[in-house]
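The values are calculated or read from the model by the stated rules, or taken from the named source; none is laboratory data. Please read all numbers here as calculations on a predicted model, not as lab measurements. Note: ideal-geometry Cβ built from the backbone for every residue, glycine included; neighbour counts use all protein chains shown.
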Amino acid sequence: MENQIQAFVLISSITLALFVLISVYLIIRLKLNDILLKRSEGKLKNFNETLQYMVAEKTEELQISEKKFKNLYELNKEVLENSPAGIIKLNRKHEIEFLNHESLSILLPENKNQDDMLGQLISQIPQFNRAGWASLLIQLKKGKEIEGEETFIQQSKKSIVKVKGVPVYEEGIYSGAVLLLNDNTESILAEDKLKQSFTMLQKATGDIIQAMSYTSEIRDPYTAGHQKKVAELAVAIGKEMNINEEQLQGVKFAAMIHDIGKISVPSDILSKPGKIGKTEFEVVKGHSQTGYELLDKINFPWPISIIVYQHHEKLDGSGYPNGLKGDEILLEAKIIAVADTVEAMTSHRPYRPALGIDKALDEIITNKGRLYEPAVVDACVHLFKQGFKFTN
């Protein structure tokens with residue numbers, strides 16, 4: 001019995017010890033959990049505070065960005081509204097979403113406003129409801145840039161407007177277009193006035209050169225009309241050679257006064273009935289230099305003084321006054337050289353009768369490539385074969 005009691009006491013002691021150990025373990029575990037929980041609460045609190053700070057910071061940045069975007073939008077809108085070019089924004093259906101003041105002034109009568117235009121199809125606007133614009137607007141929907149010019153009439157005001165259309169895409173899909181309208185009326189009118197002024201200046205230049213031509217021929221009655229005929233043939237040769245219009249004008253005006261330097265040659269030499277001597281010929285040859293010196297003081301839009309200076313030069317360097325060769329001589333001077341030779345040989349001179357066109361053509365053909373530019377000779381010969389004749 002005593003043993004049983006001892007065993008019971010032992011078991012009870014062990015059980016009690018285990019209970020105490022479990023209790024201590026649980027208490028320690030609870031304490032540790034409490035510590036961990038407090039730490040987690042601290043971390044969570046710190047994270048929450050950090051998150052609140054970050055949210056506040058980002059919110060402030062967002063507000064600043066929103067303000068900047070709003071300011072930028074307002075600035076862009078102001079720039080668009082006050083642009084000197086008309087600007088029209090179309091949506092996918094080509095309905096008007098936006099148009100600025102300039103486009104309103106171009107398109108609308110004074111008693112209309114922007115609200116009358118918004119939402120309308122661009123094709124319903126009278127200025128764009130015309131033949132040609134329908135196909136252009138279709139091209140715009142296909143993603144192609146378009147350009148056109150239209151005369152817009154608004155009450156008594158007439159405007160010449162250049163229109164450019166640019167397609168707009170969003171994520172690769174056509175979302176509309178922007179039309180740019182530039183009123184070119186003033187520049188076109190100014191260009192027309194400039195053209196008129198230039199035409200008048202050309203006419204005045206021609207009149208002056210004509211007067212200079214008459215002046216030089218007064219002293220040499222035997223060559224009266226020579227310069228005019230040389231100019232006639234030289235221009236015909238230039239056209240046959242397809243030289244540009246600017247060169248052609250230079251040829252014409254230079255040929256009309258190519259002998260102006262003869263005003264420095266004594267009239268008794270110019271009208272001498274017999275063959276002139278070597279010394280007299282040297283005096284005559286000086287007319288190229290004199291012509292150059294007279295004309296070089298005038299600021300022509302063509303190299304007239306140089307052309308006149310070179311019209312007696314020859315390809316092989318045997319000409320005068322400087323013995324130039326080949327490409328050293330201007331094409332315009334080469335043309336006048338051939339025209340001058342042909343006209344002189346077909347006309348009467350104090351020292352000989354007219355030699356005729358056959359002799360003149362034989363001269364330039366025989367010396368083609370040596371004295372005269374081959375292309376110029378070919379053009380001249382072809383003209384006469386086609387029936388060219390000097391006018392009286």
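This table checks each residue for (1) assigned by TED's automatic domain parsing to the domain that holds Ile263; (2) among the aliphatic types (A, V, I, L, M); (3) farther than 20 Å from Ile209 by Cα.
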site	(1), (2), (3)
Gly291	yes, no, no
Gln310	yes, no, no
Asp327	yes, no, yes
Leu331	yes, yes, yes
Ala339	yes, yes, no
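Checking each residue of segment 256-267 against the condition of being aliphatic (A, V, I, L, M), surrounded by fewer than 21 Cβ atoms within 10 Å (Cβ to Cβ) and in the same structural domain as Gly369 (by TED's automatic domain parsing) gives at least one match. Restricting attention to segment 222-243, and to residues there that are surrounded by 19 or more Cβ atoms within 10 Å (Cβ to Cβ) and more than 42 Å from the chain's Cα centre (by Cα), which single residue is modelled with the lowest pLDDT? Across segment 222-243, the extreme among qualifying residues is Thr223. The set of residues in segment 287-309 being among the hydrophobic types (A, V, I, L, M, F, W, C) and surrounded by fewer than 16 Cβ atoms within 10 Å (Cβ to Cβ) consists of Ile298 alone. Against the definition (free of Cβ contacts under 8 Å to residues at least 24 places away in the same chain, assigned to a helix (DSSP H, G or I) and of a type in the set (Ser, Thr, Tyr)), how does Thr290 come out, yes or no? Considered against the rule, which asks whether it is free of Cβ contacts under 8 Å to residues at least 24 places away in the same chain, assigned to a helix (DSSP H, G or I) and of a type in the set (Ser, Thr, Tyr), Thr290 comes out as no.
Against the definition (exposed (fewer than 13 other Cβ atoms within 10 Å of the Cβ), out of contact with any His (no Cβ under 7 Å at 6 or more places or on another chain), of a type in the set (Asp, Glu) and without any contact (Cβ under 8 Å) to a residue 12 or more places away in the chain), how does Glu246 come out, yes or no?
For Glu246, the condition - exposed (fewer than 13 other Cβ atoms within 10 Å of the Cβ), out of contact with any His (no Cβ under 7 Å at 6 or more places or on another chain), of a type in the set (Asp, Glu) and without any contact (Cβ under 8 Å) to a residue 12 or more places away in the chain - is not met.
The residue pairs whose first member lies in segment 89-113 and is under 20 Å from Val166 (Cβ atoms) and assigned by TED's automatic domain parsing to the domain that holds Glu170, whose second member is assigned to a loop (DSSP other than H, G, I, E, B) and at pLDDT 75 or above, and whose beta carbons are closer than 6 Å, counting only pairs six or more residues apart or on different chains, are Glu95/Gly119; Ile96/Met117; Ile96/Leu118; Ile96/Gln120; Glu97/Asn91; Leu99/Met117.
Residue count for segment 339-368 satisfying the condition of being in contact (Cβ under 8 Å) with a residue 24 or more places away in the chain, hydroxyl-bearing (Ser, Thr, Tyr) and either part of a loop (DSSP other than H, G, I, E, B) or exposed (fewer than 13 other Cβ atoms within 10 Å of the Cβ) (or both): 3.
For (1) modelled with pLDDT of 80 or more; (2) part of a strand (DSSP E or B); (3) over 18 Å from Pro84 (Cα atoms); (4) more than 28 Å from the chain's Cα centre (by Cα), each residue gets a yes or a no:
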position	(1), (2), (3), (4)
Leu104	no, no, no, yes
Ser123	yes, no, yes, yes
Leu140	yes, no, yes, no
Val168	yes, yes, yes, no
Ala177	yes, yes, yes, no
Glu186	no, no, no, no
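Name the residues in segment 313-328 that are surrounded by fewer than 23 Cβ atoms within 10 Å (Cβ to Cβ), closer than 14 Å to Ser288 by Cβ and of a type outside the set (Lys, Arg), would you? The answer is Gly319, Tyr320, Pro321, Asn322, Gly323, Leu324. Quick one: in segment 124-150, of everything that is more than 16 Å from Asn182 (Cβ to Cβ) and of a type in the set (S, T, N, Q), which residue is surrounded by the fewest Cβ atoms within 10 Å (Cβ to Cβ)? My answer is Ser135. Of the set (1) within 18 Å of Gln310 (Cβ to Cβ); (2) within 33 Å of the chain's Cα centre (by Cα), all apply to Thr205 but (1).
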